[in-house]
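Participant: One structure follows; several queries about it will come next.
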2 protein chains.
Amino acid sequence: MKTEQPQPQPGHESGPEPDSYSISDLAREFGITTRAIRFYEDKGLLSPARRGQTRIYSPEDRVRLMLILRGKRLGFSLDESREIIDMYDPEHGNVEQLQRLLQHIEQKRAQLQQQLRDIQSLMGELDEAEARTRASLAQTQEQ
Amino acid sequence: MKTEQPQPQPGHESGPEPDSYSISDLAREFGITTRAIRFYEDKGLLSPARRGQTRIYSPEDRVRLMLILRGKRLGFSLDESREIIDMYDPEHGNVEQLQRLLQHIEQKRAQLQQQLRDIQSLMGELDEAEARTRASLAQTQEQ
DNA sequence: GCAGAGGCTTACGTTAACGTAAACGTAAAG
DNA sequence: CTTTACGTTTACGTTAACGTAAGCCTCTGC
C-alpha cells in the first residue's frame, strides 16, 4: 500500500519531505524489516497513527526511529533508547523527576565519554594492526 | 583459592603487577562473574593455563579480558570482539587472508567513525536536554 | 472477478550472553 | 575433622530482539 502524497500545500514545500510514510517505506529506507518496526511499537518506542488498521508514520515517528537505530549503533538496549528519547519531550512535572533526569543525563554523558576513550584506543590499535598487516604483506610479496 | 605470588625474581619488579590471577581475582577486578569468564573461554576468547583443573590467568589473559569488556562497551558481540582481538597476533599466513584482514580493519574503522558521529550528536542533544531541564527546574522553583 | 502487493494479528522459534543451581573436589583454618 | 572458601563440570532457565510462518483483510490493475 503506497501512502498517497497529495502535496497538501501545493507548490510551497520545496524539499522532498513526505508528510507520512508507510511501514515498508521506513523499512526500506533504513534497511530493517517491518517486523522490527512493529516490535519497537510493541516495546513502546513508537506509536504511529492509524488509518483503520494500517499504521501511518509521521516525520516525527521517522525521527524517533532514527534515534532508535542510532541507539543500536551505540550498543544501547531498546529500554535505554526509550529512556534517552523520553528526555526530549518535556512532560516531566515535579522537581524530583527533573533532578533524576539530570542525573540520568550525567550518567549517559559519562558512558559516552567512556565510549569515546574506547574508540580512540581502538582506532589507534587498528592503525597499528593495519601497519603490521601491510608490512607482513610487503614481506610476503618480495619473496 | 588465592593464587600464590612467591615474588619469583626477588626484589626486581617494582610495580605491583602480579604474574598470575585466579578467576575470582579477575571477576572482582572487573565487576563480572566467574561464570561470564568461563563463558568467554567456552566461546574461544580466552584459554588460560591450568594447574590441575584450576584456571590460571596470565597478565596477557587479563589484557584479553579487558579487550573483551571494551568491546562490550562499544556494543560488539563476542564474535566481533574475538575477530578484533585476533587482529593482534600475526598468524595470518597467505596474501588473501591479509587482504581480507585489511578490509576487515577498514570496516571496523568505518563503524567506529559512525559511532563517533553518533556520540557527538547525542552529546549535543544531552546538552540541550540538560539546558531545558534546568530551565524547567528554575521555573518550577520560582513559583 | 481475481491475482498480487501490501498490511494486520497471533504465535511459536531462535540466538546471544549469561544466570542459577546441583553435585562434587580440595586445601587451609579453627 | 568438619566448616569455609574457592574451584570445577554439567545442565537447565532466562531475557532481548527480533525471524518466520500462518491465516486473514483490502485495495489496485488487468
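The values are calculated or read from the model by the stated rules, or taken from the named source; none is laboratory data. The model shown is predicted, which means the values in this text are computed figures rather than measured ones. So basically every Cβ, Gly included, is an ideal-geometry build from the backbone, and we count neighbours across all protein chains shown.
Participant: State whether one or more residues within segment A:133-143 are in a helix (DSSP H, G or I) and at pLDDT 95 or above. Talk me through it step by step, then tell me what you get.
Facilitator: Start the filter on segment A:133-143 by keeping residues that are in a helix (DSSP H, G or I), which leaves A:133-142.
Among the residues that remain, those that are also at pLDDT 95 or above are: none.
No, segment A:133-143 contains no residue that is in a helix (DSSP H, G or I) and at pLDDT 95 or above.
Participant: Take segment B:21-48 and flag every residue that is more than 8 Å from DNA strand D (Cβ to nearest atom) and more than 23 Å from B:Y88 (Cβ to Cβ).
Facilitator: Within segment B:21-48, B:R28, B:G31, B:T33 meet the criteria.
Participant: May I ask you to say which residue of B:E91, B:E60, B:E106, B:E96 is modelled with pLDDT of 95 or more and loosely packed, with under 15 Cβ neighbours inside 10 Å? Please lay out each step first, then the result.
Facilitator: Working: B:E91 fails: modelled with pLDDT of 95 or more; B:E106 fails: modelled with pLDDT of 95 or more; B:E96 fails: modelled with pLDDT of 95 or more.
Step by step, each of B:E91, B:E60, B:E106, B:E96 is checked, and only B:E60 is modelled with pLDDT of 95 or more and loosely packed, with under 15 Cβ neighbours inside 10 Å.
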